[in-house]
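The values are calculated or read from the model by the stated rules, or taken from the named source; none is laboratory data. Everything quoted here is computed from the prediction, not taken from an experiment. In this analysis, Cβ positions are derived from the backbone assuming ideal geometry, glycine residues included, and neighbour counts consider all displayed protein chains.
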Amino acid sequence: MLWVRVHSGLMVSSDASFERAYIQYLPAVSGYLIRRVERQHVEDLAADVFAIAWHKRAAVAEGEELPWLYRIAANVVSNHRRKQSSNAALLALLRPADSAPSAEEIVSADAALAAAWRQLRASEREVLALALVEDLTPLELSVALGVSVNAATVRVHRARANLTRLLTAE
């Protein structure tokens, strides 16, 4: 940034010199940010970088403006990532139970299990999901399926046996 010496011996930038520096270094700072964050955040983060630079403009030595802006940008990116992860963690805590992963998403983590799961009949997948993923008791399962407790227990047993057979066949 271009500097103007004042009587106290400190170096400060004038509004015009800061504006010139902004125009000169914005593309470089934006490029730095584009390589580190999602594009929709670049403009706001670049504005944050230059707002911080404006407030701390007396701290930079002449000729070191761009590296100094990169250091500010690195801190802004770190803060942004920390905020994003905090927001994601908070959203995960506040997520309603009905947005939990489906049984299919849970078993798809294991390729063999996913392949066997897809071969089960829809009714078998449902009974296993209710019993194993939703952790329903036999009584709760009977209510969910609209059958007796004994019939629900038999359905779970048969679905498990079929899944085991499919897994061992592969």
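The set of residues in region 43-87 being aromatic (Phe, Trp, Tyr) and in contact with a Ser or Thr (Cβ under 9 Å, 6 or more places away or on another chain) consists of Trp54 alone.
Quickly run through region 109-119 and pick out the residues that are in a helix (DSSP H, G or I) and without any contact (Cβ under 8 Å) to a residue 12 or more places away in the chain. Result: Ala111, Ala114, Arg118. For region 120-170, taking the residues that are β-branched (Val, Ile, Thr), out of contact with any Leu (no Cβ under 6 Å at 6 or more places or on another chain) and in a helix (DSSP H, G or I), the one that is surrounded by the fewest Cβ atoms within 10 Å (Cβ to Cβ) is identified as Thr168. Scanning region 94-126 for residues that are modelled with pLDDT under 75 and either in contact with a helix residue (DSSP H, G or I) (Cβ under 7 Å, 6 or more places away or on another chain) or not small (Gly, Ala, Ser) (or both) returns Leu94, Arg95, Pro96, Asp98, Pro101, Ala103, Glu104, Glu105, Ile106, Val107, Ser108, Asp110.
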